[in-house]
Amino acid sequence: MKIHEFQAKELLAAAGAAVPRGVVATTPQEAVAGFDQLGGPVMLKAQIHAGGRGKGKFKDSGKDFGGVKFIKSRDDVQPIADVIFKYPLVTKQTGEEGQRVSKLLVQEAVDLGKEYYLGVVLDRAIGLPVLMASAEGGVDIEEVAAKTPEKILKTPINPSTGLQPFQARRMAFALGFPADQVPQAEAIMTALCRVFLDKDCNLAEINPLMVTPQGKVLALDAKMTFDDNALFRHPDIEKLRDETEENVAELRAARAGLSFIQLAGNIGCLVNGAGLAMSTMDIIKYHGGEPANFLDVGGGANKEQVTEALRILLSDPNVKAVLVNIFGGIMKCDTIALAMVAAFQEVKPKVPFVVRLEGTNVEQGRKVLADSGLNIATASGLTEAAKKVVAAAK
Ligand code: GDP
Ligand code: MN
């Protein structure tokens, strides 16, 4: 689960990190009130879960500013906020349709100085969280990671002690912080690692960490994602969920008890069992296709779930063909066939379907499909099914 920048900064501040003052607005009027409250030049920062906002653009707005805008005069707040709330923000992480903005962080503008990068991720190779930092920070950290990875410093974190003070100091000196700024840098690194561990994050990032010309070290931007499997331990984090930012199809699927992940291809997959779903995606790719999703209806899916699964699949305009791959173990093939026929009558799909059924009651299941008169191609093996659906999608 992801949260917004302002929420991540609240968590960091509570753990002892210095962050700029800010107010969250949901309307242009509130943004003006925020300007008055902070009393001076502000940054208007569009709150969306995607990154790269600073270099983004508001789609069809005809304006050339992005989701992070410096505002000097009070009179500019309203017209700029109007644009921010009206048009979707497109960044390199949103896709071309962009993301609507419903919350705007009005933050005191900080004088620009040197920008650093700080991040904590899980290093699976060593089985520990790792604090990463770079003095070549700012918005182009991905480029630093790709071209000069040696400029990213790393130190592993012991989960039972957190980041040790000596580790933070060593990192701060290695980054080139002058001695009088080291305690501030140390406090922010410690807070970031603390939040990562305490809240079961997958990622916690400050980019940029800013050193102002006055020598103040501040978390100017923050990003966090949390381990969904640990959310039950953190009701306070679960409350920060913003459903307007989440994939609509994935939310619908979660409500129906289906495991669904949206992907970029054009072949919809409806499968029972996670392992079978993985191998179905593999074999589609092996035969030159691209899956549009991962969808596991589970071992005991009923008619309602199969119908909802088909609705979700077919609501994606990229889906040009669908492969249904069912192994009837607990689930009986005739049950799923009946569910499909019922679902077809309701959903009326316009794209070709390929079905591969195997397992318990497979004969009855095939008969149900054959007698239905529906336009469904059947396949007797996984390879044949994959070849047929890849051809159908082209
Ligand atoms: P992102 O593009 O989504 O990562 O959004 P950021 O919050 O990181 O903002 C992008 C860039 O805007 C930063 O790298 C800074 O250069 C600039 N910026 C953000 N906040 C301030 C601020 O308070 N003052 C100034 N002068 N620039 C800022
Ligand atoms: Mn940033």
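Between residue 371 and residue 348, take the C-beta separation as r, use R0 = 25 Å, and let me know the FRET efficiency to the nearest 0.05.
0.85
Sort 350-363, 5-18 by the packing proxy (mean of other Cβ within 10 Å over each peptide's residues), most packed first.
My ranking of the peptides, most packed first, is 5-18, 350-363.
Anyone know which of 223, 285, 55 comes out most mobile in the 10 Å Cα GNM of the chain?
Of 223, 285, 55, the most mobile in the Gaussian network model is 285.
Looking at the chain, send over the antiparallel percent of its DSSP beta bridges, to the nearest 5.
If I count the DSSP bridges inside the chain, around 75 percent turn out antiparallel.
Residues in region 111-148 near a label at residue 227, defined as backbone nitrogen under 13 Å from the 7 Å Cα→Cβ point?
121-124, 127-130
Might you report the magnitude of the Cβ-based charge dipole of region 248-393 about its Cα centre, with Lys and Arg at +1 and Asp and Glu at -1, to the nearest 20 debye?
240 debye
For residue 242 paired with residue 363, estimate the spin-label separation in nm (one decimal), with each label point 7 Å from Cα along the Cα-to-Cβ line.
5.8 nm
What is the distance in Å between the Cα centroid of region 280-328 and that of region 1-57?
With region 280-328 and region 1-57 each reduced to a Cα centre, they are spaced 39 Å.
Could you compute the net charge surrounding residue 370? Neighbours are other residues with a C-beta less than 15 Å from the C-beta of residue 370; K and R count +1, D and E count -1. Present the calculation step by step, with values, prior to reporting the outcome.
Numbers: positive: 356, 366, 367; negative: 334, 363, 371.
After counting each charged neighbour, the total is 0.
So for region 248-393, considering every pair of alpha-carbon atoms, how many percent are separated by more than 24 Å?
Roughly 19 percent, once rounded to a whole number.
Could you name the lysines whose alpha carbon sits less than 18 Å from that of residue 2, not counting residues in the same chain fewer than 8 places away?
Excluding near neighbours in sequence, the set is 45, 92, 103, 199, 223, 239.
Along the positive direction of the dipole of region 21-108 (beta-carbon charges: Lys, Arg +1; Asp, Glu -1; about the Cα centre), which of 95, 23, 71 reaches farthest?
So the residue we want is 95.
Excluding residue 390 itself, calculate the net charge of residues whose Cβ lies under 12 Å from the Cβ of residue 390, where each Lys or Arg counts +1 and each Asp or Glu counts -1.
+3
When the chain is modelled as a GNM with alpha-carbon springs shorter than 10 Å, which of 214, 99, 167 fluctuates the most?
Checking each option, the largest mean-square fluctuation is seen for 214.
Suppose only helical runs count, i.e. DSSP H with n ≥ 4. What mean residue ellipticity at 222 nm does that imply for the chain under -39500 (n - 2.57) per run, divided by all residues and rounded to the nearest 500 deg cm²/dmol?
On the way: 13 runs with 143 residues, N = 394.
Counting only the DSSP helices, I get -11000 deg cm²/dmol.
Run the dipole for the chain about the Cα centre, Lys and Arg Cβ at +1, Asp and Glu Cβ at -1, nothing else charged, and hand back the magnitude in debye, nearest 20.
480 debye
Give me the percent of the accessible area of the chain that comes from carbon and sulfur atoms, probe 1.4 Å, all protein chains in place.
Carbon and sulfur: 54 percent of the exposed surface of the chain.
Using a 1.4 angstrom probe, figure out how much accessible area region 114-238 has per residue, in square angstrom, rounded to the nearest whole.
With the other protein chains kept in place, region 114-238 gives 47 Å² per residue.
Report, to the nearest 10°, how far helix 28-38 tilts away from the longest principal axis of the Cα atoms in the chain, using its own Cα long axis and a range of 0 to 90°.
30 degrees
Size of the dipole of region 98-143 about the Cα centre, Lys and Arg at +1 and Asp and Glu at -1 on the beta carbon, nothing else charged, in debye to 20?
Numbers: 4 positive and 8 negative charges, 70 e Å.
Roughly 340 debye for region 98-143.
If one takes the longest principal axis of the Cα atoms in the chain, at what angle in degrees, from 0 to 90 and to the nearest 10, does the Cα axis of helix 333-347 lie?
70 degrees
Using only Cα atoms, tell me the angle between helix 382-393 and the longest principal axis of the chain; keep it within 0 to 90° and round to the nearest 10.
Taking Cα atoms only, the helix is inclined about 70 degrees.
For the chain, what does the relative contact order come out to in percent, with C-alpha contacts under 8 Å and a separation of six or more?
12 percent
The values are calculated or read from the model by the stated rules, or taken from the named source; none is laboratory data. Treat the numbers as computed from the prediction; the structure is a model and nothing was measured. Please note: Cβ atoms are built from the backbone with ideal geometry, for glycine as well, and neighbour counts cover all protein chains shown. Protein only, heavy atoms only, side chains kept; ligands, DNA and RNA dropped before computing areas. Shrake-Rupley method; radii C 1.70, N 1.55, O 1.52, S 1.80 Å.
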